[in-house]
1. Hey, any hits in segment 220-232 for a residue that's under 30 Å from Ile116 (Cβ atoms) and of a type outside the set (D, E, K, R)?
2. Which members of segment 191-204 meet the condition of being open to solvent by less than 30 Å² (accessible area, probe 1.4 Å), of a type in the set (A, V, I, L, M, F, W, C) and either more than 22 Å from Ser275 (Cβ to Cβ) or in a loop (DSSP other than H, G, I, E, B) (or both)?
3. Across segment 209-221, what is the number of residues that are assigned to a loop (DSSP other than H, G, I, E, B) and open to solvent by 40 Å² or more (accessible area, probe 1.4 Å)?
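The values are calculated or read from the model by the stated rules, or taken from the named source; none is laboratory data. Keep in mind that what you see is a predicted model, and the values were worked out from it rather than measured. FYI the Cβ positions are ideal-geometry reconstructions off the backbone, even for glycines, and counts take in every protein chain you see. Areas reflect the complete protein model, heavy atoms only, side chains present, ligands, DNA and RNA absent. Shrake-Rupley method; radii C 1.70, N 1.55, O 1.52, S 1.80 Å.
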Amino acid sequence: MEDQVIKNTVHDYFAGRATPLQKKVIEEWLKDTGNHEQYYQWLHEWELNHLQGRASWEDAFQRTQQMLHQESEPEAILQTDDTPIRWWNRTSVRLIAAVVAVAFLGVSFPAIRNLIYYQTSETGYGETRNISFEDGSSVTLNANSSLRYPRFGFGEGTRRVELRGEADFQIEHTPQHQPFIVSIPSGLEVNVLGTQFTVFARSRRSQVTLRSGKVALQMKQAPQASPLVMKPGDLVVMNPSGKLSRSHTAHPEQYASWKDHHLTLNRTSLRELASILEETYGFEVEINDPELASRTATGLLPAEKPEATLELIAELFAINFTRRDNRIVFKD
């Protein structure tokens with residue numbers, strides 16, 4: 001109920017009908033940065049229902065800055081429906097309202113553009129999420145991951161997204177041959193036209209596994225260097241120092257088995273598996289015995305329920321474990 005009241009108040013704000021008290025409520029609500037995404041979703045919804053001419057963000061922003069310093073006309077930017085609108089139209093009013101709301105928080109204009117034009121989808125521990133794009137491409141996010149992409153579609157230019165964590169991509173080729181680029185924090189960029197691949201981008205390493213098609217890997221810091229071109233079945237790993245190494249796997253689909261709530265182990269050490277548990281479920285895993293940490297196993301583990309997964313790991317590695325809240329201790 002409270003969200004609906006805020007939503008109606010925000011819509012009145014865009015329409016120029018908000019009272020000084022309502023504007024104060026919105027300003028207080030926007031001080032919580034967690035509300036920014038909801039704010040711009042409502043802005044987009046308003047725009048779809050009140051289509052008007054295109055406005056210039058830069059001009060509106062400059063004029064808004066000037067008006068904020070005119071103490072004699074503090075309410076000028078929020079006209080009522082009965083007041084003639086001169087140098088701005090209704091679209092400008094709601095866009096200016098968005099600029100002003102963020103300006104109250106001390107955010108720069110480039111940051112405003114980022115908030116407006118981009119959105120981020122995130123997953124929590126133990127959660128996966130499917131994201132579909134208008135061009136027919138789709139992405140499945142693994143647990144504890146995020147994907148940043150244009151809010152209103154890719155347009156006619158390069159299709160670019162930013163990934164943190166792990167995701168599986170199925171990219172459609174477009175008639176305009178638009179490249180699709182995945183950027184990850186390590187500086188590696190995956191450039192594709194139409195293909196299926198999995199990207200792992202966490203603090204311990206970055207890697208790309210290609211199932212079909214062709215992709216080119218390029219370091220963002222070295223755009224003039226020749227890209228590394230991958231073929232189906234290739235697995236490329238980048239270590240913390242930035243060095244790339246390529247190998248071949250007969251079953252690249254196994255690297256996306258988490259989409260079906262499975263963990264594929266292929267001579268995987270318990271140490272490596274502990275990292276997976278930490279990244280996927282948020283566990284704090286402790287292994288005091290180095291020999292035990294180096295023990296390996298091969299198999300396919302159901303991973304939909306963390307408790308059952310821990311039991312299966314203990315059985316597969318022939319070990320014991322104790323659990324207190326999120327802290328796991330593996331031992332013989």
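1. Yes: segment 220-232 contains one or more residues that are under 30 Å from Ile116 (Cβ atoms) and of a type outside the set (D, E, K, R).
2. Selection gives Val192 alone.
3. Of the residues in segment 209-221, 3 are assigned to a loop (DSSP other than H, G, I, E, B) and open to solvent by 40 Å² or more (accessible area, probe 1.4 Å).
Here's the yes/no breakdown for (1) of a type in the set (Phe, Trp, Tyr); (2) surrounded by fewer than 23 Cβ atoms within 10 Å (Cβ to Cβ); (3) under 30 Å from Arg271 (Cα atoms):
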site: Gly165; (1), (2), (3): no, yes, yes
site: Phe169; (1), (2), (3): yes, no, yes
site: His173; (1), (2), (3): no, yes, no
site: Gln207; (1), (2), (3): no, yes, yes
site: Met230; (1), (2), (3): no, yes, yes
